[in-house]
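S.K.: One structure, as structure tokens, below. Some questions next.
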Amino acid sequence: MTSGRAAYSLLPAELKLTGDEQRAVDAGPRPPFRITRHWLSLLNGAADDPLRRQVIPTTAEQIRGAGELTDPLGEKAHSPLPRLIRRYADRALVVVTGRCALYCRYCFRRRLTGDDFGDITDKQVEAISIWLAKNREVKELLLSGGDPLTLNNRRLLKLIDRFRTARPDIVLRLATRMPIVEPGRITRSLVRGLGRRRPLWIVIQANHPRELSTEALCSIERLQRRGLPVINQAVLLRGVNDDVEVLEELSRALVSAGVKPYYLFQGDLAEGTNHFRLPLDEARRLTEELRSRVSGLAMPVFAVDLPGGGGKVLLGTDHVLGRTDKGWKLRTPDGLEGLYPDPP
Ligand code: SF4
């Protein structure tokens, strides 16, 4: 793993903080401050740079907003084993590690992201494997964290192999920001190893089109060439991508790179993230505007996780206006209305 060399937990000399950012860093935020050299190279120097906002702490994080929770998705209550979360009948998620190459200031799992949560142990991998073998209705396993690619190749591939041995049929999803924040981590030996362990989907997170740097696009292509499908989950963030032009540019750039924009998430009620969240009506207007501009391929599903647990709720505008005696009254994203009759 390269993040030890390629990431800064102390302030790099070329990064000049504002007074507010300095106070936030001095206060010892959670998750801690960490930035990769690659991300640093993408910053444009402006105090309101959307990429800066995602990674540099501010004192706004010290304010607990109304309804904010330490565990906004109620994951602890849905954890049959240490590091295993199951909120749906057919899926489960493994928190492989608490570490990330850099720490996003809006992270909803901030209660455990950071170095102190550590990596999954062999004993925990074994317990989860036995659980998987018994719970055969679980069809997809998400490897998440933290960022699983902070593990070295040997440990990562070994744990994938153990899960595969327990359940040869299971579909794996690996959630990682590495291709975007530390593209050099996507080495030939890593993609060779992952490519041999399909079916395996790579779920990346890019929130702004400037994150799709030349290096990031090359790392994505390396994965795709090994037959690994890459999809993107973005978070709707105030001051980062709360602009339809930015969302459209992001979606088009992803589709051009062969990456499906999968989800766009409304911000979760994680402590200290109020300054990143949009009111839901504003967020819905924005995503409807996006829907009227791009194809279905380029349109992510807009969703939110129910606070406290319960799962995802899709937030798109309902295009079914009602039923008449002639059929269903429907409206397109462009505002055109029409009727769709039921079979006689
Ligand atoms: S990479 Fe993911 S887990 Fe890590 S801090 Fe960012 S959002 Fe949280």
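All of the numbers you see were taken from the coordinates with simple rules; none came from a lab. Source: prediction; values computed, not measured. Counting neighbours? That spans all protein chains shown, and the Cβs are built from the backbone with ideal geometry, glycine included.
S.K.: With contacts defined as alpha carbon pairs under 8 Å and 6 or more residues apart, what's the relative contact order of the chain in percent?
M.R.: For the chain, the relative contact order is 16 percent.
S.K.: Please report, to one decimal in angstroms, the Kirkwood hydrodynamic radius of the chain built from all distinct Cα-Cα pairs.
M.R.: So the Kirkwood estimate lands at 21.2 Å.
S.K.: Here's a follow-up. For a 22 Å ceiling on Cα separation, which of these pairs sit above it: 123/158; 134/312; 76/123; 158/312?
M.R.: Beyond 22 Å between Cα atoms: 134/312; 158/312.
S.K.: Charges on Cβ only, +1 for Lys and Arg, -1 for Asp and Glu, centred on the Cα centroid of segment 65-319; of 232, 142, 314, which one is farthest towards the dipole's positive end?
M.R.: Farthest along the dipole direction, towards plus: 142.
S.K.: Okay, next question. For segment 48-149, just say rounded, prolate or oblate: build the C-alpha gyration tensor, square-root its eigenvalues into a ≥ b ≥ c, call rounded for a/c under 1.5, and beyond that prolate if a/b exceeds b/c, oblate if not.
M.R.: It comes out prolate by the Cα gyration axes.
S.K.: A further question follows. If amide hydrogens are placed 1.01 Å from N in the peptide plane, which non-local residues have theirs closer than 5 Å to the one on residue 114?
M.R.: 99, 100
S.K.: If you find the alpha carbon centre of segment 236-305 and of segment 87-139, how far apart are they in angstrom?
M.R.: 25 Å
S.K.: Let me ask another. Counting only other residues whose beta carbon sits under 15 Å from that of residue 21, what net charge do I get with K and R as +1, D and E as -1?
M.R.: Charge balance near residue 21 sits at 0.
S.K.: Among 94, 54, 73, whose Cα sits farthest toward the positive end of the charge dipole of segment 39-132 (+1 at Cβ of Lys/Arg, -1 at Cβ of Asp/Glu, about the Cα centre)?
M.R.: 73
S.K.: Taking the Cα centre of segment 225-266 as origin and charging only Cβ (+1 Lys, Arg; -1 Asp, Glu), how large is the dipole, in debye to the nearest 20?
M.R.: Charge dipole, segment 225-266, about its Cα centre: 400 debye, nearest 20.
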